1. Among what's in the range 1-10 and is farther than 14 Å from Tyr67 by Cα and surrounded by 15 or more Cβ atoms within 10 Å (Cβ to Cβ), pick the residue that is farthest from the ligand (Cβ to nearest atom).
2. Show the residue pairs that are 6+ apart or on different chains and have beta-carbon atoms under 8 Å apart, the first residue being within the range 138-150 and touching a residue at least 60 places away in the same chain (Cβ under 8 Å), the second being charged (D, E, K, R) and in a strand (DSSP E or B).
3. Answer with yes or no whether Ile139 is under 18 Å from Val83 (Cβ atoms) and either among the acidic types (Asp, Glu) or open to solvent by less than 60 Å² (accessible area, probe 1.4 Å) (or both).
4. Could you please find all residues in the range 223-253 being of a type in the set (A, V, I, L, M, F, W, C), within 23 Å of Glu165 (Cβ to Cβ) and open to solvent by less than 70 Å² (accessible area, probe 1.4 Å)?
5. Anything in the range 11-42 that is within 16 Å of the ligand (Cβ to nearest atom) and surrounded by fewer than 18 Cβ atoms within 10 Å (Cβ to Cβ)? List them, or say none.
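The values are calculated or read from the model by the stated rules, or taken from the named source; none is laboratory data. Computed from a prediction, not measured in an experiment: that's the story for all the values here. Don't worry about glycine lacking a Cβ; one is built from the backbone with ideal geometry, like all the others, and counts go over all protein chains shown. Side chains are part of the model used for accessible areas, which takes the heavy atoms of the whole protein and leaves out ligands, DNA and RNA. Shrake-Rupley method; radii C 1.70, N 1.55, O 1.52, S 1.80 Å.
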Amino acid sequence: VTEIGFIGGGKMAEALLKGIHGKGFAFGPELRVSKIFVSEINKARLQYLKKDPNIAILDKKELLQFYDNKQVAKLSEVVILAVKPQDIPKVVEEIEIDKGKLVISIAAGISLNYLQRSLPGAAVIRAMPNNPALVSAGITSLAQGNNVTQKQLDLAKRLFESVGEVIVVEEKLMDAVTGLSGSGPAYVYLMIEALTKAGEELQLSEKQAKTLAIETVLGAAKTAKETGKPAKELREMVTSPGGTTMEGLKVLNERKFSEALIEAVKAAAAKSKKLSQ
Ligand SMILES: NC(=O)c1ccc[n+]([C@@H]2O[C@H](COP(=O)([O-])OP(=O)(O)OC[C@H]3O[C@@H](n4cnc5c(N)ncnc54)[C@H](OP(=O)(O)O)[C@@H]3O)[C@@H](O)[C@H]2O)c1
């Protein structure tokens, strides 16, 4: 039985709250969340959270929301730092963490080293979720600090599994993760925008084009996931010689579509590295 405390009740904290609620407060027989605390500085945001129908159904005994970071850090067995990266220094200065207590930071670019130095004795995990966590279709990468126990890592995994999939990586790969899955949804949204525009230019209505674009992206991702087949094999499956797909791919190759995506991920990863320094 565990108390979880969020410091910062923004979009990502809200997604996790919904995820925990969706799991019925239980992550397996031996792990139950007994209470959730949310400390949020922004009054309007606090009011919004209290009114959110998905969150308001939580019993007042199960969910307590107020603004007192120190208190939340003290009362919770697991503390989740869910403020913007620039607000992290103020928060770590303010709170005290008992020796061995699990702190999970979702702040992009804030290193384990920094967190361990600022919160001596804490067991720290860095998490990089992504935007689709808001609809429980996220992918979160976790990197653990040196004194994290297996039990604590399992807890973090199960927590983020409530909003999607989870992988564990070495911290040095966090910039790559940020460039790929962190920023990646934006590349896919751009693709949906472009596919929709193409459909409209070919006389489909906006609604029709948008539906076709979204379902195509979703369906292709689902096929790759559920069949487990390499994307290359699936691509070849839909590309018959001399057919329509081949004509489309020819243009993408001429315009260096793959190279552009690869460069985009690398540029985002490089920016992530620079920002975290
Ligand atoms: N959203 C994503 O897709 C995503 C993906 C990966 C990682 N992350 C990381 O997740 C973290 C949170 O992101 P988010 O999108 O949830 O941001 P957000 O919506 O801005 O949430 C942060 C909340 O914390 C509040 N806050 C600021 N300072 C505080 C303090 N000292 N004590 C308590 N609360 C405080 C903010 O209030 P104010 O608005 O008044 O400042 C805001 O309501 C960020 O560090 C980000 O890097 C987000």
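1. Checked the range 1-10; the qualifying residue farthest from the ligand (Cβ to nearest atom) is Thr2.
2. So the pair list comes out as Gly138/Glu165.
3. Considered against the rule, which asks whether it is under 18 Å from Val83 (Cβ atoms) and either among the acidic types (Asp, Glu) or open to solvent by less than 60 Å² (accessible area, probe 1.4 Å) (or both), Ile139 comes out as no.
4. Those that are of a type in the set (A, V, I, L, M, F, W, C), within 23 Å of Glu165 (Cβ to Cβ) and open to solvent by less than 70 Å² (accessible area, probe 1.4 Å): Ala224, Leu234.
5. Across the range 11-42, the qualifying residues are Lys11, Ile41, Asn42.
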